[in-house]
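The values are calculated or read from the model by the stated rules, or taken from the named source; none is laboratory data. Predicted model only: the values in this text are computed from it and were never measured. Ideal geometry is used to build each Cβ from the backbone, glycine not excepted, and the neighbour counts take in all protein chains shown.
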There are 4 protein chains.
Amino acid sequence: MAKFENAEGSSSNRADRIRRKPERPMEILTAAFEEFVRCGYAATRLEDVAIRAGVTKGTIYFHFENKEKVFVQMVRELSKPVWQKTDEFLRQRPDDVVEFLSSYLDFAHGLLFEDRHAREILRLLISEATRFPELVDEHFAQFVEPIFEHLRKGLGEAAEAGKIRRSPALDFPDLLLSPVLALNIAMLLFSGRKPIDAKRHLDAAKDVFLMGLLPRD
Amino acid sequence: MAKFENAEGSSSNRADRIRRKPERPMEILTAAFEEFVRCGYAATRLEDVAIRAGVTKGTIYFHFENKEKVFVQMVRELSKPVWQKTDEFLRQRPDDVVEFLSSYLDFAHGLLFEDRHAREILRLLISEATRFPELVDEHFAQFVEPIFEHLRKGLGEAAEAGKIRRSPALDFPDLLLSPVLALNIAMLLFSGRKPIDAKRHLDAAKDVFLMGLLPRD
Amino acid sequence: MAKFENAEGSSSNRADRIRRKPERPMEILTAAFEEFVRCGYAATRLEDVAIRAGVTKGTIYFHFENKEKVFVQMVRELSKPVWQKTDEFLRQRPDDVVEFLSSYLDFAHGLLFEDRHAREILRLLISEATRFPELVDEHFAQFVEPIFEHLRKGLGEAAEAGKIRRSPALDFPDLLLSPVLALNIAMLLFSGRKPIDAKRHLDAAKDVFLMGLLPRD
Amino acid sequence: MAKFENAEGSSSNRADRIRRKPERPMEILTAAFEEFVRCGYAATRLEDVAIRAGVTKGTIYFHFENKEKVFVQMVRELSKPVWQKTDEFLRQRPDDVVEFLSSYLDFAHGLLFEDRHAREILRLLISEATRFPELVDEHFAQFVEPIFEHLRKGLGEAAEAGKIRRSPALDFPDLLLSPVLALNIAMLLFSGRKPIDAKRHLDAAKDVFLMGLLPRD
DNA sequence: TATGAATGAGCTTTCATTCAT
DNA sequence: GATGAATGAAAGCTCATTCAT
């Protein structure tokens, strides 16, 4: 079929079997991501993962112990870029609390809407939370808790300085994330069937939250 | 063996089987709910459903066409009580918009936190949204859209009357639902492993939303 | 192929699927015996057992939990006739000790040489003793120990009555079985490649044992 | 990592691998013996053999053609010491026939009970007799037939000289081996679960055989 | 010599589905 | 209506074997 394409694109039977050695595991995990997203954990066949990765079933089992390990490793590996973005956001966050709140919502939105990996991994974690509880905890501790910590501290200081109200919401940073999360759930549920105006939705969320937190008069 | 016992005490053979006829399908759906919750759609075995329902696999196929139909029917049937509660809430909703908002959050919270069926069906719909898109749409049209319509109208009128700000959030009633949804997702993710103070979380949400919507000054 | 044979012999696709219900498990076990004998436990494919039994792999798993259970059940079930023969021998054993010894060797020989089941099960138990130790113990307790008990008692009484010598061999009835066992092992090892004159071998064994046990004048 | 340690201590890279060259095959066969004993032929994984031998699967295939050859070579190689003992026993056998018989039983017993290799190879040959018939024949021709030949001759001469009875057993030297073989089978079957008093058992066997062969009167 | 990544056929086991009763 | 034996198409996983390095 693809025999006559130029050498770069073709992947004949054994020629480059060995050449790609070090990249194989990551290729498998990327293929696994696509299949798990397409079918969910239980309904995904490792054979399809193999085909997509351009290897055979046996190769998967050479690199990974079993299907569960493939899933866990996939989540870990594909989450790393997300972590980098999160880290970067935290380092360059604005000092002003209002701006901070706003940019936080933008960042969270951007993360989940523009990064397909982040979005779909969230779905997979919700779906498979029962099967992989430790993975959920690990993920939460790594990606969510640090940012919540920062938020709690930032909001506390802002309240101290009188820049925002002393609202009970200051203790629940996840409250501020909830519109983004809800938007994401909506996308997962309707994946394109219902048009969602994320931008206006987000602006509305900013409006309510900022007005709700700024000191009255 | 027990064939010759008197008819009353024995729940064994012919009589009982036929007497229970009309309840069978519902018994099967209830059992199916438990198993789907426990394992997810793909990993649930119809045989386990049968055992839990006290029938055999064949009986399930007598009442339902296949596994997919069992799932769809289960979601429909177990959602009916949820719909009744929703209907009732809408009929006795308070007139005052502030009270309405507050009671709406309470209602949504009560629905998802106290009604295990509602909560778990939401999880199942998120997990299986790809496999059952029409079911998601149907569910949304029946249970969510009407209430959103009411909200949109009520908030519009309140803004008209100057009782609340003309916020862009008035067009996104789901924004007001998002804290409850987020809380629910948290429960699904950590199911008991992390203690969640739902009451204080909810109070915080009310505080921010009300303050954010009330006219300033 | 066999389509035109008379109805008795033909086993078309679904016609008599159900008719044979009660005999299925035993048919499977008989087929399993043949395959285990042919290939040993590990190298036997349940698919071949299924084919030989005229069913599909799934049917085996309907009746038996797994491959190990098939093996264990097979040994148990095919050993029953052996147990009946053993029981019968014990009930009609001759009173005279010399005759008893002789008939015992004949019986043991007949059991192992004329009953293919008995012979091959012994081989399987030796081969798989490590994998199925409880089965070995169970088998020994059921088929060997009772007969050894009888022997010990009978020989003890004969010695008491002065009919045979007080040899230390009286405490080891298995010693008297050993020529038969050795003959059996030889058959297992050479299965037909070396001609073995079992009759003369057995007569030789009787000669030595009887001469060795009779009192020296 | 350890590449820069001094050459003596490190047993890591190039040097050592090449230096050990000549011992490799034997190391592999020894490891193979252990694994074949542990799991039987079919259930033994060449990978486990490799791990035990401290090499990789590929190395095995460098030295041996395939799994069958590993088995055959293992049996041959690990049997050599057994052959040496047998040879030595034959060269220093006592002249007196009674003593010879007794020492023969002792020798056979010692061989099988004190030499784990001899004992387990016997088990493996029984188990895999169907798969490796030529190996069984070869083994028998090398280790058993010569000794049987000697026995037949020695017993014949003794009968000629009137030292023992002209029993039909003189033609079946394996009869005299059978108690030892039976003892060995018992050990294989119960491997430690049942205590076996080998010494008394052997004494009993000697008693019966000698009394059975000595001329009456 | 030795390695180890890769293969692919084949194994045990599972399970939605069917159908004679 | 209900049963349960039977099917058969996979699915997860294993492992002897190969081969570029």
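Below are the figures for this structure:
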read-out: Per-region count, region A:154-165, residues within 14 Å of chain B (Cβ to nearest Cβ) and not in a helix (DSSP H, G or I); value: 2
read-out: Single unsatisfied condition, A:Arg166 versus (1) without any contact (Cβ under 8 Å) to a residue 40 or more places away in the chain; (2) more than 30 Å from B:Arg152 (Cβ to Cβ); (3) touching a Phe, Trp or Tyr at 6+ places or on another chain (Cβ under 8 Å); value: (3)
read-out: Filter pass, A:Gly154 being exposed (fewer than 15 other Cβ atoms within 10 Å of the Cβ) and touching a residue at least 24 places away in the same chain (Cβ under 8 Å); value: no
read-out: Single residue of region A:166-175 satisfying the filter (part of a loop (DSSP other than H, G, I, E, B) and facing chain B (nearest Cβ under 7 Å)) that is surrounded by the most Cβ atoms within 10 Å (Cβ to Cβ); value: A:Phe172
read-out: Exclusive hit being assigned by TED's automatic domain parsing to the domain that holds A:Lys163 and in a loop (DSSP other than H, G, I, E, B), set A:Asp106, A:Asp137, A:Asp95; value: A:Asp95
read-out: Residue within region A:69-90 that is assigned to a helix (DSSP H, G or I), within 14 Å of another protein chain (Cβ to nearest Cβ) and surrounded by fewer than 16 Cβ atoms within 10 Å (Cβ to Cβ) present; value: no
read-out: C:Ser127 in contact (Cβ under 8 Å) with a residue 60 or more places away in the chain, crowded, with 17+ Cβ neighbours inside 10 Å and facing another protein chain (nearest Cβ under 9 Å); value: yes
read-out: Number of the exception - A:Val97 against (1) more than 14 Å from chain B (Cβ to nearest Cβ); (2) in contact (Cβ under 8 Å) with a residue 24 or more places away in the chain; (3) under 14 Å from the mean Cα position of the chain (by Cα); value: (3)
read-out: Residue match in region D:153-162 (condition: over 26 Å from D:Leu214 (Cβ atoms) and of a type in the set (Asp, Glu)); value: no
read-out: Test result for D:Leu111, assigned to a helix (DSSP H, G or I) and surrounded by 19 or more Cβ atoms within 10 Å (Cβ to Cβ); value: yes
read-out: Among (1) at pLDDT 90 or above; (2) assigned to a helix (DSSP H, G or I); (3) of a type in the set (A, V, I, L, M, F, W, C), the one test that D:Leu151 misses; value: (1)
read-out: Residue check for C:Glu120: acidic (Asp, Glu) and within 11 Å of another protein chain (Cβ to nearest Cβ); value: yes
read-out: Any chance A:Asp137 is under 16 Å from the mean Cα position of the chain (by Cα), surrounded by fewer than 17 Cβ atoms within 10 Å (Cβ to Cβ) and within 12 Å of chain B (Cβ to nearest Cβ); value: yes
read-out: Residue within region D:52-59 that is more than 10 Å from DNA strand F (Cβ to nearest atom) and not in a loop (DSSP other than H, G, I, E, B) present; value: yes
read-out: A:Ser178 vs. criteria in the same structural domain as A:His109 (by TED's automatic domain parsing), hydroxyl-bearing (Ser, Thr, Tyr) and surrounded by fewer than 23 Cβ atoms within 10 Å (Cβ to Cβ); value: no
read-out: Qualifying residues in region C:187-213 (those that are among the aliphatic types (A, V, I, L, M) and either outside any helix (DSSP H, G or I) or more than 7 Å from chain D (Cβ to nearest Cβ) (or both)) - the one surrounded by the most Cβ atoms within 10 Å (Cβ to Cβ); value: C:Leu202
read-out: Residue in region C:66-82 that is over 24 Å from C:Gly40 (Cα atoms), in contact (Cβ under 8 Å) with a residue 40 or more places away in the chain, hydroxyl-bearing (Ser, Thr, Tyr) and away from DNA strand E (no atom under 16 Å from the Cβ) present; value: no
read-out: Odd one out for D:Glu47 among (1) within 16 Å of DNA strand F (Cβ to nearest atom); (2) assigned to a loop (DSSP other than H, G, I, E, B); (3) acidic (Asp, Glu); value: (2)
read-out: Counted residues, region A:19-54 - those being without any contact (Cβ under 8 Å) to a residue 60 or more places away in the chain and in contact with a Lys or Arg (Cβ under 7 Å, 6 or more places away or on another chain); value: 6
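Every residue, every condition in (1) among the polar types (S, T, N, Q); (2) touching a helix residue (DSSP H, G or I) at 6+ places or on another chain (Cβ under 6 Å); (3) within 30 Å of A:Gly156 (Cα to Cα), yes or no:
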{"site": "A:Lys57", "(1), (2), (3)": "no, yes, no"}
{"site": "A:Glu65", "(1), (2), (3)": "no, no, no"}
{"site": "A:Phe71", "(1), (2), (3)": "no, no, no"}
{"site": "A:Leu78", "(1), (2), (3)": "no, yes, no"}
{"site": "A:Glu99", "(1), (2), (3)": "no, no, yes"}
{"site": "A:Tyr104", "(1), (2), (3)": "no, no, yes"}
